Structures are given as C-alpha cells and as structure tokens.
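Quick notes on the structure that follows.
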Amino acid sequence: MTTTGVFHLAFSLIAVALGAIVLFLSKGTRWHRTWGHGYVWSMVGVIVTSLAMYDLTGRVTPFHLAAMVAAVTVAGGMWTVLRRRPRGAWIEAHATWMAWSYVGLTAALVAESLTRFVMPLAADRLTAGALWPAFWALVMFGTFGAVAFGARLIRTRLPASVQGAPAAMRRERVELA
C-alpha cells in the first residue's frame with residue numbers, strides 16, 4: 001500500500017468512528033461539535049487523499065466522482081451551520097447534509113470491503129473476462145445497498161434526532177450579553 005493509501009485508510013477509519021459517535025450524541029452539545037469537527041477534518045483527509053490517488057490509475061475513475069460528492073455533502077453541511085441558512089431550517093439542513101456525508105462514507109466502506117475481501121475469494125472461480133464485471137457488480141451492490149439503507153434511516157430517524165436540539169441553537173443570531 002502506498003503512503004497515500006495508508007493516510008486514506010487512516011482518515012477513513014477515523015471518519016467512520018467519529019461519524020458514528022456524532023450521530024449517536026445529543027445534537028448541539030459541546031461534545032457533538034467537538035467530535036463533529038474531528039469528523040469534518042477526517043473527511044477532508046479522506047477526500048484529499050482519494051483525489052490524490054489519481055496518479056495510481058492514471059485516469060479519473062467513478063471513485064473520484066464519489067470523492068467530489070463527498071466534498072459537496074460535507075461543504076453543504078458546514079455551510080448551513082456556519083451561515084445559519086436556510087433561515088428557520090438550518091439545523092435540519094445541516095443534519096441532512098452531514099447524514100448523507102456519513103451514508104456516502106459507509107457506502108464506500110461497504111463497497112471497499114466487498115471488493116477487498118470477496119473478490120479474492122471469487123477470483124479463482126471466475127474467468128479473466130468476468131473479473132471486472134464481478135468487481136463492478138460488487139461495488140454497485142454494496143454502494144446502492146448502503147445508500148438505500150442510509151436513506152431509510154435518514155427518513156425515519158433523523159427528524160426525531162434533530163428535535164432534541166437545544167432551543168437556543170434555533171436562533172438565527174446569538175445575542176451577546
């Protein structure tokens with residue numbers, strides 16, 4: 001594994017762990033923000049290292065597109081919380097953007113795990129011409145399965161999670177005493 005690959009793996013594992021912690025914490029607390037900052041910075045590391053892996057393949061792949069989608073979801077989540085936009089619904093928007101960033105991260109984890117651990121087992125049983133189709137089938141199956149599961153969780157669990165945010169956070173501006 002290259003140095004870039006090692007850093008990518010490290011940032012990814014940190015992001016998976018911190019993202020899970022943030023999702024299970026009460027929203028708007030000091031710990032939610034502290035662990036959330038760690039999640040965002042680890043996601044920046046994941047995105048930068050994944051884009052740096054362009055040199056390994058010599059061309060742009062669908063994984064680079066996924067990294068750009070990850071960048072958009074993390075940036076969207078940060079923009080909503082930093083700008084308090086959209087007015088009156090920024091908490092929900094922030095939670096939605098960040099939840100989707102975590103869904104994308106876990107989808108990548110599932111797809112990578114399937115290809116990393118299942119493909120070597122299947123490689124001996126497949127012809128050379130069937131390897132790439134099997135690889136992409138596993139990537140698509142893992143990705144779409146994780147995204148579908150994540151979408152269901154976002155739809156059913158996120159609204160209740162956001163309701164627990166402190167009322168003081170819902171203000172558009174914070175007045176200093």
Selected residue (criterion: nearest to LEU109 (Cα to Cα)) from residues of the stretch 10-30 that are assigned to a helix (DSSP H, G or I) and at pLDDT below 95: LEU23
Residues satisfying the stated conditions in the stretch 76-86, i.e. without any contact (Cβ under 8 Å) to a residue 60 or more places away in the chain and crowded, with 16+ Cβ neighbours inside 10 Å: GLY76, GLY77, MET78, THR80, VAL81
Sole exception among (1) part of a helix (DSSP H, G or I); (2) surrounded by 17 or more Cβ atoms within 10 Å (Cβ to Cβ) for PHE144, by number: (2)
Unique match (being in contact with a Ser or Thr (Cβ under 7 Å, 6 or more places away or on another chain), without any contact (Cβ under 8 Å) to a residue 24 or more places away in the chain and assigned to a helix (DSSP H, G or I)) among ALA122, ALA93, ALA130, ALA107: ALA93
Complete set of residues in the stretch 22-54 that are closer than 17 Å to VAL162 by Cβ and surrounded by fewer than 16 Cβ atoms within 10 Å (Cβ to Cβ): PHE24, SER26, THR29, TRP31, ARG33
Condition broken by TRP35, with the remaining ones in (1) closer than 22 Å to ARG152 by Cα; (2) without any contact (Cβ under 8 Å) to a residue 24 or more places away in the chain; (3) in contact with a helix residue (DSSP H, G or I) (Cβ under 8 Å, 6 or more places away or on another chain); (4) not acidic (Asp, Glu) satisfied: (1)
Residue identified as at pLDDT below 95 and surrounded by 15 or more Cβ atoms within 10 Å (Cβ to Cβ) among THR96, THR115: THR115
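Give the residue, chosen from ARG157, ARG152, ARG116, that is basic (Lys, Arg), assigned to a helix (DSSP H, G or I) and over 30 Å from THR29 (Cβ atoms). Outline the logic, then answer.
Values: ARG157 fails: over 30 Å from THR29 (Cβ atoms); ARG152 fails: over 30 Å from THR29 (Cβ atoms).
Result of the check over ARG157, ARG152, ARG116: ARG116.
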Selection from the stretch 63-93 of residues that are within 17 Å of SER12 (Cβ to Cβ) and not hydrophobic (A, V, I, L, M, F, W, C): HIS64, THR73
Tally, over the stretch 45-60, of residues that are touching a helix residue (DSSP H, G or I) at 6+ places or on another chain (Cβ under 7 Å) and assigned to a helix (DSSP H, G or I): 8
Residue in the stretch 61-79 that is within 24 Å of ALA167 (Cα to Cα) and not in a helix (DSSP H, G or I) present: no
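The values are calculated or read from the model by the stated rules, or taken from the named source; none is laboratory data. Remember, predicted model here, so these are calculated numbers, not experimental data. With ideal geometry, Cβ positions are generated from the backbone for all residues, glycine too; neighbour counts draw on all protein chains shown.
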